[in-house]
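The next block holds one structure in the form of structure tokens; read it before the comments.
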Amino acid sequence: MSTLPADVALVSIAEVWAHRETFIAALSERERAIEAAIRIEKRRRDFLAGRIAAKRAIQRSIGCPFARISILASSDRVTHGRPEVAIDGVLRPDLTISISHSGDLAAASMGGGRVGFDLETVERRDRSFEAIAFTERELASLRSLEGRTRDVAVTRLWCKKEAIAKWKGVGFRAAFSELVDPDRARIEEGAFHFRGSEVRWARVLG
Ligand SMILES: CC(C)(COP(=O)(O)OP(=O)(O)OC[C@H]1O[C@@H](n2cnc3c(N)ncnc32)[C@H](O)[C@@H]1OP(=O)(O)O)[C@@H](O)C(=O)NCCC(=O)NCCS
């Protein structure tokens, strides 16, 4: 289904949701309590599929049963929401993970250090979005592009920005202008097709 790095796990949100009883049973107690408290169905679907993708990625790496793995969220003021891994209830800062959702897909990437991962489906975005999201330099790189080429370039830039936001751990609490290629990090990018749409991915490591 994809050309993603081997340590990225990808799931269909609809498929996970269709088997939600089985997957909810595979959550840790803390995750189950969080899932049960979510009121908006879309958010429940995304949450569950993101946890399952993250557990798959971690299981591939350390061979641990799903229920022993908890993907929690940082409660720190600065990095609020950043996923944190616990095994048997003990936080494991050495096991870094980043989660993304786009359309029907949820994916999770292991890091081996700080990691930020993002998935974006290529689609047309309004020009007003570009003016808000991108720096002068980024806008200049788009200037001569039109049509599909432009849609791909905009999606690619945005996907990288989200991955950088997650790598930094601050999300969009940072200004978009600060979310540019970090000096001492490695950026990987790619694309694959899913049900007729092009999906871009970006990962920041290091
Ligand atoms: C991180 C952020 C850029 C992701 O954007 P998004 O549109 O939700 O996109 P994605 O689906 O690709 O990513 C969601 C995942 O990002 C991760 N994430 C959330 N906050 C994060 C942070 N501070 N650092 C790293 N990763 C984070 C979570 O794993 C989340 O999935 P989960 O909640 O199911 O675990 C955005 O959620 C954000 O800025 N969050 C922090 C600030 C905030 O809550 N602002 C309110 C909206 S501006």
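Details
- The stretch 190-195 - phi-based ³J(HN,Hα) in whole Hz, Karplus 6.51/-1.76/1.60, Gly and Pro as x: x, 8, 8, 9, 9, 6
- For the stretch 120-205, the fraction of C-alpha pairs farther apart than 18 angstrom is 44 percent.
- Rounded to the nearest 20 debye, the dipole magnitude of the chain is 180 debye, with +1 charges on Lys and Arg beta carbons, -1 on Asp and Glu beta carbons, and the Cα centre as origin.
- Loop-located chymotrypsin sites (Phe, Trp or Tyr not before Pro) in the stretch 122-189 (DSSP state other than H, G, I, E, B) with a sparse environment of at most 15 neighbouring Cβ atoms within 10 Å are absent.
- Distance from the stretch 165-206 to the stretch 31-71 (C-alpha centre basis), Å: 22 Å
- Per-peptide packing, taken as the mean over residues of other Cβ atoms within 10 Å, places 106-116, 36-46 in the sequence 106-116, 36-46 from highest down.
- What the phi angles of the stretch 155-160 give under the Karplus curve with 6.51, -1.76 and 1.60, with θ = phi - 60°, is a coupling list of 4, 5, 5, 5, 4, 5 Hz, glycine and proline written as x.
- Amide H to amide H, with H built 1.01 Å from N, Ser74 comes under 5 Å of Gly81, Arg82, Glu84, counting only residues 5 or more places away or on other chains.
- Three-way shape label, the stretch 1-125, alpha-carbon gyration tensor, a/c 1.5: rounded
Computed from the coordinates by the stated procedures, all read-outs in this text should not be read as laboratory data. These numbers come from a predicted model, not from an experiment. Every residue, glycine among them, receives a Cβ derived from its backbone with ideal geometry; neighbour counts consider all protein chains shown.
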